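*Asks:* Sharing a structure with you now.
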Amino acid sequence: MIIFKAIYRLLNALCLACYTVGLAAASTFFANTRIVGVRDSNIKLPAIVITVGGPTLVSLLNVLRSGGVGGFMLSLLHPFSWSWAWRLTFTALGARYIAQEINRRIHPPIRPAEVVFSEAYDVDMREDIARAEGINLDGPKGLAFRLNELYCLEITTHEVRLDRLPPQFDGFTIAQVSDVHYGDFISAEFIRRYVNLVIGLSPDLIALTADYQQYPKDVRRAARILAPIGEWSCKQRGGLGAIAIMGNHDTAAGTAQVTEAIRSAGIRVLNNKHIELERDGASLYIAGVADPWSLRADMSRTLLDVQEGSCVVLLAHEPDYLVKAAQFDVDLQLSGHLHGGQIKLPFIGAMLSPSRFNRRYIEGFYKRENTLMFVSRGLGGHPPVRYDCKPQIAMLVLRSR
């Protein structure tokens with residue numbers, strides 16, 4: 001009898017877990033694709049709270065009315081009713097979601113053939129940042145700080161083959177800086193160290209793929225903390241070593257104000273424009289579109305006068321823009337925005353994914369038609385928590401063969 005009770009409790013807990021995961025997956029999917037993953041507005045936050053909190057409250061009441069937590073599994077066997085259908089649907093959805101996540105972990109997506117080499121190493125700054133910020137690492141707060149990966153940086157290097165890259169640009173290096181989200185909740189010391197690490201890599205180009213501050217009040221301070229990149233670009237690369245674009249947080253803070261601040265830091269900003277880099281008579285085009293969420297991104301204008309068949313590297317903040325980039329046969333798109341999901345839970349995966357495609361383009365490499373895309377996990381986060389999803393500096397080495 002004791003064994004049967006233990007088995008029942010285990011199965012009941014499993015059913016409850018599937019039900020909870022199914023509800024969370026459905027709510028998160030709707031919030032990411034229909035609310036978060038669209039243009040910013042004043043009603044977005046209340047809409048997210050209602051979308052996630054409403055079904056959760058309804059479901060809790062549903063469980064209590066159906067016999068309580070201890071009788072949840074038996075309630076799935078009750079005769080048909082709308083309440084029963086609700087419970088059964090989300091339990092099945094949760095079971096499917098967990099199975100998919102397990103399969104995703106066991107069989108990760110196949111890396112595109114264009115990515116010929118990858119390596120990574122960590123730079124854990126948590127103790128250094130704690131000392132710099134006067135954070136006590138003892139007790140529960142110290143434990144939470146150590147578990148948070150916000151200050152545990154990963155530096156990745158990828159060699160990428162582009163068929164149309166001129167041989168003169170073989171070995172051209174791009175360091176991607178994305179989603180700094182400077183504000184009161186992230187250490188300025190961490191960003192300064194991050195900037196110094198990027199400069200220390202001495203790439204041919206630093207690509208800044210937007211969202212430099214969290215709120216409008218932080219625009220100037222964010223630009224000042226990124227200024228060493230601009231100084232390096234001017235001194236070491238003739239002013240063409242750092243290229244920036246705008247993202248959704250830059251739109252919210254004021255595109256003109258953020259653009260002017262970033263330019264004043266010595267960093268060139270592309271807004272539906274491109275630049276041509278030349279080596280020994282060959283050209284590589286670096287293009288940048290306006291924030292796609294602002295509905296002002298214009299690929300025709302961006303690639304105006306680019307010679308047909310040329311190699312183009314496109315900076316576009318939102319990965320969703322891959323659909324448009326592929327239509328214009330762009331060679332490589334660099335994006336950020338999704339923070340890699342920021343918080344990844346066991347059997348559930350990435351929690352945050354503000355995209356109309358949800359988690360399809362969450363991080364890493366993807367390909368659509370002839371266009372390869374790399375999505376950086378970026379630097380910052382809001383809320384300022386990262387778990388199983390370290391901030392990232394990505395160095396891409398372009399290969400012509």
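The values are calculated or read from the model by the stated rules, or taken from the named source; none is laboratory data. Fair warning: this is a prediction, and the values are worked out from it, not measured in the lab. Don't worry about glycine lacking a Cβ; one is built from the backbone with ideal geometry, like all the others, and counts go over all protein chains shown. Surface accessibility is based on the protein's heavy atoms, side chains included, excluding ligands, DNA and RNA. Shrake-Rupley method; radii C 1.70, N 1.55, O 1.52, S 1.80 Å.
*Asks:* For a quick size check, give me the Cα extents of the range 221-346 along its three principal axes, largest first, whole Å.
*Replies:* 45, 36, 32
*Asks:* OK, next. Using a Förster distance of 22 Å, how high is the FRET efficiency between D163 and D305, based on the Cβ-Cβ distance and rounded to 0.05?
*Replies:* Step by step, r from the Cβ atoms, then E = 0.50.
*Asks:* Just need the relative contact order of the range 201-274 here, percent rounded to a whole number, with Cα pairs under 8 Å and 6+ apart.
*Replies:* 39 percent
*Asks:* Also, I was wondering about something else. Hey, if you put +1 on the Cβ of every Lys and Arg and -1 on every Asp and Glu Cβ in the range 232-340, which of N248, L295, A326 ends up farthest toward the positive end of that dipole?
*Replies:* Highest projection toward the positive end goes to N248.
*Asks:* Can you give me the distance in nm between label points at A282 and R296, each placed 7 Å from the Cα along the Cα-to-Cβ direction?
*Replies:* Taking the two extended label points, one gets 3.6 nm.
*Asks:* Calculate how steeply helix 188-200 sits against the longest principal axis of the alpha-carbon atoms of the chain, using the helix alpha-carbon long axis, and give the answer as 0 to 90 degrees to the nearest 10.
*Replies:* Orientation of helix 188-200: about 50 degrees from the principal axis.
*Asks:* Within the range 291-392, report the GluC sites (Glu not before Pro) that DSSP leaves as loop and that have at most 15 other Cβ atoms within 10 Å.
*Replies:* In loop regions of the range 291-392 (DSSP not H, G, I, E or B), the sparsely surrounded GluC sites (Glu not before Pro) are E308, E369.
*Asks:* Looking at the range 213-333 only, what percent of DSSP beta bridges run antiparallel? Nearest 5 please.
*Replies:* 45 percent
*Asks:* Continuing with this model, one more query. Which of the listed residues, A132, L61, F190, is farthest toward the dipole's positive end in the chain, when Lys, Arg count +1 and Asp, Glu count -1 at the beta-carbon?
*Replies:* Among A132, L61, F190, the one farthest towards the positive end of the dipole of the chain is L61.
*Asks:* Can you give the relative contact order of the range 342-401 as a percent, counting alpha carbon pairs under 8 Å and 6+ residues apart?
*Replies:* The value is 33 percent.
*Asks:* Sticking with this structure for a sec: Between F117 and F328, what is the FRET efficiency for a Förster distance of 30 Å, r being their Cβ-Cβ separation, to the nearest 0.05?
*Replies:* Once rounded, the FRET efficiency stands at 0.65.
*Asks:* Express as a percent, rounded to the nearest 5, the fraction of DSSP beta bridges in the range 259-396 (both residues included) that run antiparallel.
*Replies:* 55 percent
*Asks:* Now for a different question. What is the percent carbon and sulfur in the accessible area of the range 256-311, measuring with a 1.4 Å probe over the protein chains and ignoring ligands?
*Replies:* Taking all protein chains in place, the range 256-311 shows 40 percent carbon and sulfur surface.
*Asks:* In nm, what is the difference between 0.36 nm times the number of residues separating F347 and L14 and their Cα-Cα distance?
*Replies:* 118.6 nm
*Asks:* At a threshold of 8 angstrom on Cα-Cα distance, excluding pairs fewer than six apart, so keeping six or more, what relative contact order does the chain reach in percent?
*Replies:* Computed value for the chain: 20 percent relative contact order.
*Asks:* Another question, then. Volume per residue, Å³, of the convex hull around the alpha-carbon atoms of the range 177-282?
*Replies:* Value for the range 177-282: 90 Å³ per residue.
*Asks:* Taking 0.36 nm per residue of separation and subtracting the Cα-Cα distance, what length does fully extending I3 through T173 add?
*Replies:* Between I3 and T173, full extension yields an extra 55.0 nm.
*Asks:* Kindly provide the helix-only [θ] at 222 nm of the chain, computed as the sum of -39,500 (n - 2.57) over DSSP H runs of four or more divided by all residues, to the nearest 500 deg cm²/dmol?
*Replies:* -12000 deg cm²/dmol
*Asks:* If the cut-off is a Cα-Cα distance under 26 Å, which lysines reach K141, setting aside same-chain residues fewer than 8 apart in sequence?
*Replies:* Leaving aside lysines fewer than 8 places away in the same chain, those within reach of K141 are K344, K390.
*Asks:* Taking 4 °C and 1.567 mPa s as the conditions, I'd like the Stokes-Einstein D for the range 162-204 in µm²/s, using the Kirkwood hydrodynamic radius from alpha carbon pairs.
*Replies:* The calculation lands on 102 µm²/s.
*Asks:* Now a separate question. What does the charge count near E114 come to, summing +1 for each Lys or Arg and -1 for each Asp or Glu among other residues with Cβ under 12 Å from its Cβ?
*Replies:* +3
*Asks:* Quick check: residue separation of A188 and R237 times 0.36 nm, minus the Cα distance between them. What number comes out in nm?
*Replies:* This chain segment gains 15.1 nm when fully extended.
*Asks:* Right, next: Report the antiparallel proportion of the DSSP beta bridges in the chain as a percent, rounded to a multiple of 5.
*Replies:* 45 percent
*Asks:* Place a label point 7 angstrom from the Cα of R220 along the Cα-to-Cβ direction, then list the residues of the range 164-199 whose backbone nitrogen is under 18 Å away.
*Replies:* Output list for this probe position: 182-184.
*Asks:* Alpha carbon centre of the range 342-383 versus the range 63-95: separation in Å?
*Replies:* 32 Å
*Asks:* Say a paramagnetic label sat at a point 7 Å from the Cα of V69, along Cα to Cβ; which residues of the range 78-105 have their backbone N under 19 Å from it?
*Replies:* Within reach of a label on V69: 87, 91.
*Asks:* Here's a follow-up. Let me check I've understood the local charge: for E149, count other residues with C-beta under 12 angstrom from its C-beta, Lys and Arg +1, Asp and Glu -1. What total comes out?
*Replies:* Around E149, the surrounding residues sum to +2.
*Asks:* Residues with amide H under 5 Å of A242's amide H, sequence separation 5 or more or different chain, H placed in the peptide plane at 1.01 Å from N; which?
*Replies:* HN-HN under 5 Å from A242: I206, R268.
*Asks:* Between beta-carbons, use under 11 Å as the cut-off and find the net charge around N272, counting Lys and Arg +1, Asp and Glu -1.
*Replies:* The answer is +1.
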